[in-house]
Every structure is written in C-alpha cells, then in structure tokens.
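Any read-out appearing in this document is the output of simple, stated calculations on the displayed coordinates, not a laboratory observation. Keep in mind that this is a model prediction, so the values were computed, not measured. All Cβ positions, even for glycine, are placed from backbone atoms using ideal geometry, and neighbour counts span all protein chains on display.
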Amino acid sequence: MASETGKSREGFATTLGVLTATLGSAVGLGNIWKFPSMAGSNGGAAFMFIYVIATFLVGLPVMISEHVIGRTARANAITSLRKLAPKQIWWLIGVAGVISAFLIMAFYTEVAAWVFAYIPSAISGALNSTDPAVTSQAFSNLIGSPWKSLIWQWVVLAWVAAIILAGVSRGIEAMTKRLLPILFCILIIINIRSLTLAGAGEGLAFLFKPNWSSITWPIVLSAVGLAFFKLSVGMGTMITYGSYYKEDQNIPLNALRVMGSDLLVSILAGMAIFPTVFTYGFQPDAGPSLLFITMPAVFSSLPGGPIVQNLFMVLFFLLAGVAATGAMLSLFEVPVAYLVERLDWSRRKATLITAVALAVVGSTAALSSSTLADFKLLDRTMFDLFDFMSSNVLLPLGGLAITVFVGWRWGLPAVTKGLTNDGKLNNLPVVKAFFFVAKFVTPILVAVVLLNGLGIIKFG
Ligand code: PHE
C-alpha cells in the first residue's frame, strides 16, 4: 500500500495505459453533454472558436504543469504540493482540488445517472417519439422523481467504485483501454449517419461559421471554464494521474495527444448532433436538456423505422455512459489517493467512504429537480450551483494558482528537469515555450477572463 513515507506505490503500467487513462479522464460528458449544449445555446462556431483557443493557451499548459508536478512529487494532489514547497501554503491548491472533485462529482454522477437510466428506456422504445413534448415528459418523469434520481445515482457510484477498487493499473488503466476504442467506434458510426442526412450542411455551418455578435464576457468565461473542465485540469486530477506516470513518459507530447484527441471527440460529438438537429427542424439551443429531450426526438426522426431509430439512440447513450465512466474514475481517484496516502487507509476503505460521502453530497444535486427544486443559493439550484462554481470559479482559480506556482515559485530549472526526464529527452525548445506560456500567458489570460466573466471588472 502506498503511503506518504514512500512505500511502493502503484502506477500506470504501460505508455498506452497512461494515454488511455488520461484521455479517459478528459473525454466525458463534457464533450457529449456540455460542449454541444453550450455551443448550441451560445452561437455555435464563435463559442467553439474561443473554446479551442482556451484549450491551447490555458488547458494544455495547465495539464503539462499538473503532470510534471505529480510525477516529480509522486503523491496525491495535496501531498505533492507540500513536498515541492514545504512550509508554504501551495498545498491549499490541492485542498481546493479535493473540494472541486466533490462538487463536480455531485452533479456529474447525476447527469451520468440520467444517461444510464436512458439506456434501458431507449432499448424498450419508451423514448421513441418525434414530439419533444413527449420526450420532455419522459425526462421530467425521471428527474422529477426523487427515488429514481437517487437510485440511478447510486448505481453510477457503485459502478465507478467497483472499478476504483480494482486499483490504478488493473482498474482504471485496464478499463479505459477497453472503453476508449468502443467510444471512438460508436462516435464514428453516428457521424456517418448524421453527415449523410439532408440538413448536414446547415448543421456544419452552425458549428464552423462564427457569428460574433452573440459573444459576451460571461460566455467567454464559460468557454474558458469548459476548457478547464474538458481537460480535467485546475483541481489536481492531473496531478494525481501524473503521479502514476512512468519515468520515461514524454509529458508534453502525451498532453498534446490528449488535448488533440479530446478536441476531436468534442468536434465529432458536435458533428453527430447538429446536422441531425437541423435536418429535422429542431432547435440547437435547448441547453442542458439538448441531450435528453431534443436528441431522443431527433433520433426518432431518422429513416428506417423504430428498430434503426432505437439502435442509434441506444448507441448514443452508451457512448455518453462510456465517456462519463473514464471521467468519473479520475474524479473519484483524487480523494481516494489522498485518503490512502495521508491516513494510510486501505484502498477498499477509502473507496467505500468516498462513495458514501459522494452519495450524500450528490443527493442535493440529484434532488434539485424534485424535493429541493425550490432550494436556491445565489439564485441557483444545488445542481446548477455545483456546475457553475466548479467550472466558472474553482477550476480557473486552481489553474491560475498552478501556473503561478510552476512559473514563479518552482522555476525553470526544476521544470526543465521534470519535463526533459532529467535531460534524457531532447525537447528543450518545447519546455521553454511551455514555461513562457505557463508563466505569463495563461495566468494573465485566466485572470482577465475570470474578473470580467464574474463582473468584478469591466473591460470593453
Ligand atoms: N473532463 C471531464 C469531462 O469532460 C470532466 C472532468 C472534470 C473530469 C474535472 C475530471 C476532472 O467530462
């Protein structure tokens, strides 16, 4: 069992496993639920453009920073920062990260719960209707029922906990290696269908032809927040995963691959959704319910009869379920790694206690459309509050702090040592470019967007 005192620690066993686990964390409901619904309600291409820039200038540098911190310190997020900056308060970034992991898991497990619940419904044909009023009723029946919401959330938690229990290599790594190819296959099948529909051109134009008039500072902040959320950065997930990386791993290259593939999945998800939405005359701006109300009606409009329609619907929600799993594994692992190393708990005990704690916190998000629908803080239900606070406040703040740590506290010599694998890799120009961006560009960009997006200062 691992511990702070440096007893042997489990890690990812293969280079491929490092890539699939990290990509499995990045790819998730962010690509299939958040990105399409946010792009759909915020003007399509213009939103996507800002998101892509944020991914390069913010998401990627923070990811590289987290990986090198984790792999150098070889510990959970909190302990890693305590080791690298003893007697200073940088470890508080790790504490904020554990809080973020809980907030995200609270609403994420509920969206995953809807996805899981939709799979049997889609198989049975219960979601087959071209009338959004009917599919909307089906969705309301699910989210409006306290017990259904809670029980499906527990199913999701049990599924993720079971994989976490199997361990870092035999659980997380093995599972993401199996799931990711399935995810890409399903995505490609659905793309072939959607891109050969009559309205594909209109859908693609929506996704790729920007209309800037819809962009405001809060929307820019949401796009930057999405870049954090998408790459699972700003909260220590990637510190934790970096701590499981092999010594010979090329961190910048791996991060670039993860970022590129993750972007590809988002774009493919957009290309699966918008052409179909436009072909059948639906609106792209339904927001978070796009996936659960609009998409079943869209799939029910496909040619070929109910069997073909339901098949695509099942495939689509399986895709979302698969994607959600890898992401939830990484969120779950943040507190588990901490509890195992800090309190010397067994992995089993840490997993069970984390699952119970998540069920308790998560229940407030699960009940946000039923029992707790009227309970609001900052004008938001718990579900929306957790979502807003994590993506639009905590992750950007965490990312800001992490790049400031790397650029201004840890410094170039240590970063170079970490990213060149102690001089073994021949990537000095890449390291220097990264360091410049992480030291100056990312923190300034995030600070400006954060202050404007939250309305603290007004800049144009
Ligand atoms: N990146 C995941 C997604 O897109 C969500 C996530 C955020 C996972 C933060 C871990 C940490 O769905």
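Cross-linked pairs Lys177/Lys417; Lys177/Lys209; Lys246/Lys432: Cα-Cα separations exceed 28 Å for Lys177/Lys417; Lys177/Lys209. Only one residue of Ala161, Ile219, Ser149 has its Cα farthest out toward the positive end of the dipole of the chain, where Lys and Arg carry +1 and Asp and Glu -1 on Cβ, and that residue is Ala161. Where the alpha-carbon atoms of the range 322-460 are placed on the principal axes, they occupy 56, 52, 30 Å, in descending order. Restricted to Cα atoms, the range 137-197 shows a radius of gyration and a Dmax of 16.8, 44 angstrom. Label-to-label distance for Ala205 and Asp131 is 3.2 nm, based on points extended 7 Å past Cα in the beta-carbon direction. Shown here: the chain, whose C-alpha atoms stretch 61, 49, 42 Å along the first, second and third principal axes, sorted largest to smallest. Placing +1 on the Cβ of every Lys and Arg and -1 on the Cβ of every Asp and Glu, with nothing else charged, gives the chain a dipole about its Cα centre of roughly 1180 debye.
Normalised Debye scattering of the range 242-325 at q = 0.18 Å⁻¹ gives log10 I(q)/I(0) of -0.83, counting only Cα atoms as equal scatterers and leaving out solvent. Listed by chain and number, the lysines whose alpha-carbon sits under 19 Å from that of Lys349, ignoring those within fewer than 8 places in the same chain, are Lys7. Straightening the chain between Ala166 and Val356 buys 66.6 nm, computed as 0.36 nm per residue apart minus the Cα-Cα spacing.
The angle between the Cα long axis of helix 395-404 and the longest principal axis of the Cα atoms of the chain comes to about 30 degrees, rounded to the nearest 10.
Can you give the extra length, in nm with one decimal, that the chain gains between Leu195 and Ala85 once fully stretched, where that is 0.36 nm per residue apart less the Cα-Cα distance?
Working: separation 110, 0.36 × 110 = 39.60 nm, distance 5.16 nm.
Separation in residues times 0.36 nm, less the Cα-Cα distance, equals 34.4 nm.
Entry note, the chain: the mean residue ellipticity at 222 nm calculated from DSSP H runs of n ≥ 4, each adding -39500 (n - 2.57), is -21500 deg cm²/dmol after division by the residues and rounding to the nearest 500.
Determine, for each peptide in 126-135, 109-118, 191-200, the mean count of other beta carbons within 10 angstrom over its residues, then list the peptides with the highest first. Before the final figure, lay out each step's value.
On the way: 126-135: 17.2, 109-118: 25.3, 191-200: 15.6.
The packing order, highest mean first, is 109-118, 126-135, 191-200.
Partners of Lys148 within straight-line reach, counting aspartates and glutamates whose Cα lies under 12 Å from its Cα and excluding those fewer than 8 residues away in the same chain: Glu110.
Think of the chain as having a plus end and a minus end, set by charges on the Cβ of Lys, Arg, Asp and Glu; of Ile273, Thr22, Ala438, Ala438 sits farthest toward the positive end of this dipole.
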